[in-house]
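First up is the structure itself, then whatever we jot down about it.
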Amino acid sequence: MAPDRRRARHDALIRSLDAEALDGLLVSSRANVRYLTGFSGSAALVAVTRGDVLLVTDFRYDEQARAEAGAVARIEVDGTSVWDRFFKELATLGPLERMGYEAHVLSVHDAERLAQAGRAWCWTATTDLVERLRAAKDEGEVAAIRSAAMLAGDALRETLAQVRPGMTELAIAGVLEGALRRRGSEGHPFATIVASGPRSALPHARSSRRTVAVGEWLLLDFGAQVDGYCADITRTVVVGARASEPQRVLYELVRDAQRRARTAVRAGMSGREADALAREPIAARGFEEAFGHSLGHGLGLEVHEAPRLSKTNADPLPAGAVVTVEPGVYVAGEGGVRIEDDVHLPDGRGAELLSDGLTDLVELV
Ligand code: ZN
Ligand code: ZN
């Protein structure tokens, strides 16, 4: 069992509040609520102040909130209005003036509640205060992502053994999602992508009723979840035949770029420098336009979080981050190859692979 880090997270958040001259923060992002309190339900408002952590939820979560978060937060349950109860309890936490809220999460409707029912406080927009803390993972978080990534690799192997030409993308997605569930994945962090033939050139294809034919690409991009933490894996295989020469050339270009990037990526390099590790060899072969997305993203309680491995991110990658490395080359009308693994960026050491890294070309013959 990993040590309980929640109080250390509160302390770190208080330091961020000090820097922003805030007396407290209203946390309404589900992932941030879970990170700070352990509560995994779908509805809660949390206030973190220098002296208190308050969690207000509704009657559905009475027992669950007490069990998951009772050790670190004062739990209040309201059967009528979580918001009204939140303001009522907030007023009991002592003199608070400047309260932050998560501007990237709150709806316009909820902002109106702050202005009306919450007018006793001075509400200040903040962004990413908790997300910035979440970017650096502790040991327990890394272990959960590793478990999810390993489970995902096993589920993929089980699935590929059953893939045959003539199956629809949706049927293959069904086999894969069943295998993920049987191996203990808590959910699918995003809609499973199974894209065959020319559809593999659509970087964010949805699985469809199309059937995969002999000799075609099959791209599978899918997630798994353990203790709330996500893994995100992509593999591209050839179905029912050996790869053609152009397929092999395209595959090896992406595989080598991905391997280069996932081995050389380090904490402290900028998101842009990390992105270039894969972009340079792909561009050198004339495929710069065909790699239209960024190299990767942070992974954690959410499947897309900080930091970004992209041309536009000049900031250093924080030590402790877990990120995906997923270059892709897409040829419209023909098909595409994307390969994605998950890596941890420890302080002062090289990248640590969390997924299986089995990226040599698989031909399902
Ligand atoms: Zn993915
Ligand atoms: Zn991804």
Descending accessible area (1.4 Å probe), largest on the left, turns ARG272, ARG113, ARG349 into ARG349, ARG272, ARG113
A student applying the Cα gyration tensor rule (rounded when a/c is under 1.5; otherwise prolate if a/b is larger than b/c, oblate if not) would label the stretch 6-134 rounded
Dipole magnitude (debye, nearest 20) for the stretch 113-208, charges at Cβ of Lys, Arg, Asp, Glu: 240
Neighbour net charge for ALA43 - beta-carbon separation under 11 angstrom, K R +1, D E -1: 0
Taking the dipole of the stretch 139-364 about the Cα centre (Lys, Arg +1; Asp, Glu -1; charges at Cβ), the one of ILE193, GLY271, LEU364 that reaches farthest to the positive side is LEU364
Hey, any idea what % of the chain's accessible area is carbon plus sulfur with a 1.4 Å probe? 50
Using a Förster radius of 22 Å, what is the FRET efficiency between GLU97 and SER42 based on their Cβ-Cβ separation? Nearest 0.05, please. 0.10
Just to be sure I understand: with springs between alpha-carbon atoms less than 10 Å apart, which residue in GLN116, GLN225, GLN258 has the highest mean-square fluctuation in the Gaussian network model of the chain? GLN116
Hey, got the Cα dimensions of the chain along the principal axes, in Å, largest first? 71, 39, 39
Pick out, from ILE339, THR159, GLY350, the residue whose Cα sits farthest towards the positive end of the charge dipole of the chain, with +1 on the Cβ of Lys and Arg and -1 on the Cβ of Asp and Glu. THR159
Could you sort the peptides 25-34, 162-171 by per-residue average Cβ neighbour count (10 Å cutoff), highest mean leading? 25-34, 162-171
If you take every residue apart from ALA152 with its C-beta less than 13 Å away from the C-beta of ALA152, what net charge results, scoring Lys and Arg +1 and Asp and Glu -1? -4
Distance in nm between pseudo-label sites at ALA67 and ALA117 (7 Å out along the Cβ direction from Cα): 2.8
Simple Cβ-charge dipole of the chain, Lys/Arg +1 and Asp/Glu -1, about Cα centre, in debye nearest 20: 420
Accessible surface of CYS230 - all protein chains present, 1.4 Å probe, nearest 10 Å²: 0
For the chain, modelled as a Gaussian network with Cα springs under 10 Å, which listed residue fluctuates most, ALA155, ALA321, ALA191? ALA191
If packing is taken as the average count of other Cβ atoms within 10 Å, what order do 134-146, 199-211 fall into, highest mean first? 134-146, 199-211
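The values are calculated or read from the model by the stated rules, or taken from the named source; none is laboratory data. Predicted model, so just to flag it, every value in this text is computed and none were measured. No Cβ is skipped: glycine too gets one built from the backbone with ideal geometry, and neighbour counts run over all protein chains shown. For the accessible areas, the whole protein counts, side chains as well, though only heavy atoms, and no ligand, DNA or RNA atoms are used. Shrake-Rupley method; radii C 1.70, N 1.55, O 1.52, S 1.80 Å.
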